[in-house]
Structures are given as C-alpha cells and as structure tokens.
Amino acid sequence: MKQCKIIKPELNFVDKVGDLSLSENFLYNGDNLDIMSKIVADYSNKIDIIYIDPPYNTGKKMGKYNDNYSSHEKWLNFIKPRIVLAKEFLSDNGVIFISIGENEEAHLKLLCNDIFEEKNKIASIIWQSKYTVANDKRGISSQTEYILVYAKDADNIIINSDALRPEYVDKTYRNMDNDPRGLWRSVQLYKKKNKYSYKVISPTGKEWTMPWNYSEEQWHNVLEKEQLIYWGKDGNSCPSKKVFIKDTKGTGIRNLWLDEDINLWLGNDVGYTSDGGAVLESMFGDRNEFLYPKPVSLMKRILQVASQPNSLTMDFFAGSGTWGHAILEYNKEHGGNRRFILITDNENNICDRVAFPRIKKVINGYIDKKGKTFPPSPGRVSYYCFNKK
C-alpha cells in the first residue's frame, strides 16, 4: 500500500500522522484492516468509543454494493481479525457499538463473546430502523436492527444517564416544605436487616428507634447537618431522607430504541434508515451514492449514551462518513472536543465522492438542496488516501 494523495486546504490539514492535538480528526481512505494494522501502535489503548456498521451479509445486491459473502463462515473470516484489532484500540474504559442485522447477529454475538469475553457484553440494543411495515414474503415484516455493545472491561465503562421522564418527575417529586433547594422525593431511612439501631427524636419530641440505613454519627454529621431529614407534615412522622432532583443523575439507558418513544422526553430522536438517505440527498442531491446509511441522529444517541467531552472515537467501516458528521455537530451542539478516526475504502468511489466532501461540507457549512443553511461545525481533519499498487 502506498500513500497517494493528501488533500489539504479545506479541512485545515495538519502534517503529523497520529497527532492527538486539540480538535484533531483523521479520515483514512483504504483497506481498513491494513490501515488499522499500521496505526494500532499509535492508538493502542486510547480509543474510548468505537462505532462500526459492517456488512450485514444479507445476500443481496444493494445498488452498487454487493452484500453477499455466500456463507456465515466467510463473513466471520472477514470480520474476526477486524474485531480482534478493535479490542487493541480500546482504552481501559472503552466500549464498542456494532450495528448488525438478523442474518449475522447471532454469529457476531458469539464471536464478540469470545473476543471480549461474555462478562463484558453490555447490551443488545434493538433499534427500529424502519417506520413502515413491508409485505414480507414470509408474512412477518422485520422493522428492527441490532446494535451490540461490548466493553474492554465492563467494570470500567462510563455510561451516561438519560433525563428523567417528565411524567415521572410530576408524579414523584414534590416540595412539601418549600425547601429553597427545589423539588425532592422522600426515601425510606431504614431496613429490617440493618445493623444500626438507635433512638432519634422528632421536632415535636416523638421518639423513633429503627434499624437505620446510617450510623448515628452519619445521622448527625450528614443527614441533620445537611438538613436532609423530613419528619412529615406534622413534624412527628417516621423520618425519611430528602433526595433532590438537582442531585439526581437521571435514569438508566434502555435497550429498546424506538424513534417516537425516545423523542417524547429527550427532545431528540434516533431516526430511521430512510433519514440517513434523506440527509445524503439533501447534501448531494442523490441518495443512491450510498444506500442505507445510518441516520446522524442514531450516531448522536450513541454519543449521548457513551461519550465524554474529550472522547477519542473510531469508525473503521465509515462508509459515507455519518459518524464524523455526527461528532462534528454534537460538539457544536453540546460543547466538548470529541474526536474521530474514520477509515473507509474507496469502493465505488464512496470516500472521494461522499465521505470526504460530506465532512468538508459539515466543517465549512453548507446549504442543502431545499435552501436550508447549515452553519459550520468547527473541526480539523487530516485526510490520507492509500491505494494498492
């Protein structure tokens, strides 16, 4: 493999390969296994999030692309060395998200269980990829795809919380005593199995002796000192602890990603496959340059779930560049300096015709075919193109 061309001006090109300077991103054009092998020494144990959308092995020809490996075994032989290398890239708290369809989901899960160990499997996310119900020849239409999530070490990963549902907040949080700290909910302060048992006295003088969750020292130095005890409206009920909504991290992430369901309370969506095509059509006037790209909104949801402001990320099946597009916009919308390494080959000129100009448009800003203006999403990207000789 030989470096052929480096495109400089529009993307604020910098010279050093592997440089981890502020806002630095990389787009590599070439065979992903070969490029990963070349850069793994620079990025070993440094990538916080990997997202990939590998071939699904549907056995179908989709436009210019033939998604047919003829057997599960051949597909596994293709994907295995890439997943093995991916693990080397992941940091100690790193996590990988892998989109996959029904044909290879079971085989991929077994492969990842072997490579990452089953104990490091975080989730199988079910994503509603289609809005409409097709007339499937088997009588049951599939509207979903999977995203398998594995960690380098499940004990070290950081998964962000979702915001609390408004209806849950309305039902659960109150401010019965007009506490200036805002809304709070009450939590029971005792359990039968607790070892701490001592007497406490309410403001009205009523005595309570229970197996408390806190030691007597903690009761006085934490609960009383920070005014976290609620004695009821009359001041002599069994005490409970006040948990303020401002101190609540949120709620756990669910593995069922339905567009309209998530949109209800998070104020965003995960989109459908058709949305990914619509974005390319709006940017280039033709969605057939790359069929079935993932929607930017789905990528942003993954970033919302797993990224930190300075996460270093990778997509080595970058295709049309959706992952890079999402990161540039997400940084602009939410702040932070998330960075990406994209690797895509140039099959059917996908990198030259779509991925590179797409990233360029997002960075510089663009006007879509309907006349809508998209302001610049600042970033610096080095573009390296390799050709087999």
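The values are calculated or read from the model by the stated rules, or taken from the named source; none is laboratory data. Source: prediction; values computed, not measured. Here the Cβ positions follow ideal geometry from the backbone for every residue, glycine too, while neighbour counts run over all protein chains shown.
Observations on the structure shown:
- Cβ-Cβ contacts under 9 Å between residues 6 or more apart (or on different chains), taken from a first residue in the range 241-253 that is outside any loop (DSSP other than H, G, I, E, B) to a second residue that is small (Gly, Ala, Ser), are listed as Lys241/Ser186; Lys242/Ser186; Val243/Ser186; Phe244/Gly182; Ile245/Gly182; Lys246/Gly182; Thr251/Ser161; Thr251/Ala163.
- Across the range 346-356, not a single residue is classified as buried (at least 19 other Cβ atoms within 10 Å of the Cβ) and basic (Lys, Arg).
- Index of the failed condition, Leu258 passing every other in (1) crowded, with 19+ Cβ neighbours inside 10 Å; (2) in contact with a strand residue (DSSP E or B) (Cβ under 8 Å, 6 or more places away or on another chain); (3) outside the structural domain of Arg185 (by TED's automatic domain parsing): (1)
- Sole residue being over 36 Å from the mean Cα position of the chain (by Cα) and more than 30 Å from Leu111 (Cα to Cα), chosen from Gly182, Gly235: Gly235
- The residues of the range 213-252 that are farther than 22 Å from Lys192 by Cα and of a type in the set (A, V, I, L, M) amount to a single one, Ile245.
- Looking across the range 173-182, the residues that are surrounded by fewer than 16 Cβ atoms within 10 Å (Cβ to Cβ) and in contact with a strand residue (DSSP E or B) (Cβ under 8 Å, 6 or more places away or on another chain) come down to Arg174, Asn175, Met176, Asp177, Asp179, Arg181, Gly182.
- Residue count for the range 66-107, restricted to those that are assigned to a strand (DSSP E or B) and closer than 20 Å to Pro293 by Cβ: 7
- Single match in Ile100, Ile83 (criterion: touching a Phe, Trp or Tyr at 6+ places or on another chain (Cβ under 8 Å) and either farther than 17 Å from Ile343 by Cα or touching a residue at least 24 places away in the same chain (Cβ under 8 Å) (or both)): Ile100
- Residue match in the range 156-176 (condition: hydrophobic (A, V, I, L, M, F, W, C) and without any contact (Cβ under 8 Å) to a residue 40 or more places away in the chain): no
- When we screen Glu73, Glu117 for residues that are under 28 Å from Asp48 (Cβ atoms) and of a type in the set (Asp, Glu), the only hit is Glu117.
- Screening Met314 against (1) modelled with pLDDT of 95 or more; (2) in a helix (DSSP H, G or I); (3) among the aliphatic types (A, V, I, L, M) leaves a single unmet condition, (2).
- Residue within the range 289-311 that is at pLDDT below 95, surrounded by fewer than 23 Cβ atoms within 10 Å (Cβ to Cβ), over 18 Å from the mean Cα position of the chain (by Cα) and assigned to a loop (DSSP other than H, G, I, E, B) present: yes
- Selection status of Gly30, at pLDDT below 95, of a type outside the set (Phe, Trp, Tyr) and crowded, with 21+ Cβ neighbours inside 10 Å: yes
- Tabulated pairs, the range 362-379, first crowded, with 17+ Cβ neighbours inside 10 Å, second of a type in the set (Phe, Trp, Tyr) and in a strand (DSSP E or B), C-beta under 8 angstrom, 6+ apart or interchain: Val362/Phe374; Tyr366/Phe374
- Selection over the range 154-169 of residues that are surrounded by fewer than 11 Cβ atoms within 10 Å (Cβ to Cβ) and either among the hydrophobic types (A, V, I, L, M, F, W, C) or modelled with pLDDT under 95 (or both) gives a count of 2.
- The single condition from (1) within 22 Å of Pro55 (Cα to Cα); (2) in contact with a Ser or Thr (Cβ under 7 Å, 6 or more places away or on another chain) that His325 fails is (2).
- Residue in the range 69-80 that is more than 30 Å from Gly232 (Cα to Cα), surrounded by fewer than 17 Cβ atoms within 10 Å (Cβ to Cβ) and of a type in the set (Lys, Arg) present: yes
- The residues in the range 44-93 that are modelled with pLDDT of 95 or more and among the basic types (Lys, Arg) can be counted, and the count is 5.
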